[in-house]
Amino acid sequence: MKQLDELLDACTYELEIYSISYSMMGQMLDKEYIKTRIEMLRLSDIFIYGGGYLGIQLYNAINQYVNVLKIVDRSGKALIDLSDIPVISLEDFKSIYKGQEVIITPIKYYKSICLELSKFVSIDKIIYLGEFLGGTL
């Protein structure tokens, strides 16, 4: 019975992740809302952490309003090959980072990414995608 409960908990968690991701992708299609959030947060030069679908969607949603310096991904590449989106590895990011905001897009790994980034990025410069979109952690 315990294994079944654990399996159900894992499936529920994964379903919640997909549901939240789907909702966020929809919010990022609203150009006026995105523009308002950028102005409210006073963003100008930023990095996006995460080369998955949410990171790519965020890049496309905000690139016309702010200077997205690069997308940072541990692997150094995006999930899909898009030559017009600049992607760098975490190690390369460490060598060029100069105090800009970083928006973390992976929902599932936010806490571990935040912990890793906080070693060299001020915690007040780290923004979770949910925060950027007006939600919370």
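Just so you know, all these numbers are worked out from the coordinates, no wet-lab data involved. Predicted model, so just to flag it, every value in this text is computed and none were measured. Neighbour counts run over all protein chains shown; Cβ positions are idealised from the backbone, glycine included.
Step through the table entries 35/111; 77/98; 35/125; 35/108; 31/98; 35/70, compare each Cα-Cα distance with 24 Å, and write down the pairs that go over it. Kindly include the intermediate steps, with their values, before the conclusion.
Numbers: 35/111 26 Å; 77/98 21 Å; 35/125 19 Å; 35/108 26 Å; 31/98 28 Å; 35/70 19 Å.
Violating the 24 Å limit, Cα to Cα: 35/111; 35/108; 31/98.
Which stretch or stretches of segment 53-88 have amide N atoms under 20 Å from the point lying 7 Å from residue 31's Cα along the Cα→Cβ direction?
So the set is 56-68, 85.
With a point put 7 Å past each Cα toward its Cβ, work out how far residue 40 is from residue 65 in nm, to one decimal.
1.0 nm
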